[in-house]
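The values are calculated or read from the model by the stated rules, or taken from the named source; none is laboratory data. From a predicted model like this one, the values you see are computed outputs, not experimental measurements. Virtual Cβ from ideal backbone geometry, glycine too; neighbours counted across all protein chains shown.
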Amino acid sequence: MKLAFVYAGQGSQAVGMGQELYETYPVAKQVFDSIQLDFDVKKLCFEGPLETLSQTQYTQPCMVATAIAITEVLKEQGIVPQMAAGLSLGEYSALYAAGVFDQATALDLVRYRGQVMEEAVQGIDSKMVAVLGLDRALVEQAVSEGSKVGLVQAANYNCPGQIVIGGEVAAVDKAAEVALELKAKRVVPLNVSGPFHTSLLEPASKKLAEKLNQVSFGNMNIPVVFNTTAKELQPDETISGLLTKQIMSSVYLEDSIRYMIDRGIDTFLEIGPGKVLSGFIKKISKDVSIYQVEDVASLTKTLESIKE
């Protein structure tokens, strides 16, 4: 078995996340109890309310804290990955798993990232929609038509038949209309607070770059496959450069999963609430095993299967 950890992104958050593990495993309790941010991460994760938890400035540290707790429980059980990746925000948890950030650095970074992303989208009339059942070239054709009206870009290449586009409302609407003419099955508006992974996020990207310049990175002890390139870190790239670019660039999740499969990964373990990534991976490959851990039941089930 060759195992990759994949970390869920924003949108998967749920009230109660991490709580059972906190109450069951001292190592998970230690993660939550040692957090020092300017709000009570543990209370918001465990008790909500969902409305607050779903504000990007809070979602980001809460999701990463939960991911770190799960990662530490798995490590204690002898489950360690050979590769890692994460969807957008999840990339920070993947870098934690690879030893690049310690817990305090990861949480401080995503707290800041959430704040600058929230600031950047204030006052922008934007939207994001998922285009279903249309291949990549045709989605890109629709985006190019929409671009005549305003800013619209492909933001997330999730899996075959699901690509998210985002940008200014009129341009996204035009691209969605063209996508339907090109025989997309459906276009589904997403409930997100801003046009993430489009160039409208450039102000946030610039602020994040300054913050990342102050961070010291540890050595990567397993390969992380990055969102913007769908590859491991190349000699001419830096982690801070890729993370800066990631906020305002397309996320190539499908390509990242394929890259890992090409490198021999046959088992994926999704870390975090919900099964969003598991659903995408199933559509990308029928030949891999997929597990997911978010609570004691899913952990027990995964441990039984993986340790067989």
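Remarks
- When 137, 170 are checked against the criterion of being surrounded by fewer than 17 Cβ atoms within 10 Å (Cβ to Cβ), in contact with an Asp or Glu (Cβ under 9 Å, 6 or more places away or on another chain) and over 30 Å from residue 64 (Cβ atoms), 170 stands alone in meeting it.
- Of all the numbered requirements in (1) free of Cβ contacts under 8 Å to residues at least 24 places away in the same chain; (2) buried (at least 22 other Cβ atoms within 10 Å of the Cβ), residue 198 misses one, and that requirement is (1).
- Contact annotation: residue pairs with Cβ atoms under 7 Å, 6 or more positions apart or on different chains, pairing a residue in segment 279-297 that is under 27 Å from residue 20 (Cα atoms) with a partner that is part of a loop (DSSP other than H, G, I, E, B), are 281/288; 289/266; 292/275; 294/17; 294/272; 294/273.
- Test: residue in segment 19-31 that is of a type in the set (S, T, N, Q), in a loop (DSSP other than H, G, I, E, B) and either outside the structural domain of residue 225 (by TED's automatic domain parsing) or farther than 18 Å from residue 292 by Cα (or both): no
- Only a single item in (1) part of a helix (DSSP H, G or I); (2) among the aliphatic types (A, V, I, L, M); (3) surrounded by fewer than 23 Cβ atoms within 10 Å (Cβ to Cβ) is not met by residue 117, and it is number (3).
- Lone unmet requirement of (1) assigned to a helix (DSSP H, G or I); (2) touching a Leu at 6+ places or on another chain (Cβ under 9 Å) for residue 75: (2)
- If the condition is being crowded, with 20+ Cβ neighbours inside 10 Å and modelled with pLDDT of 95 or more, then segment 179-194 contributes 179, 184, 187.
- Which listed residue is in a helix (DSSP H, G or I) and either of a type outside the set (A, V, I, L, M, F, W, C) or closer than 30 Å to residue 173 by Cβ (or both), from 38, 108: 108
- Qualifying residues in segment 128-166 (those that are assigned to a loop (DSSP other than H, G, I, E, B) and among the hydrophobic types (A, V, I, L, M, F, W, C)) - the one nearest to residue 281 (Cα to Cα): 134
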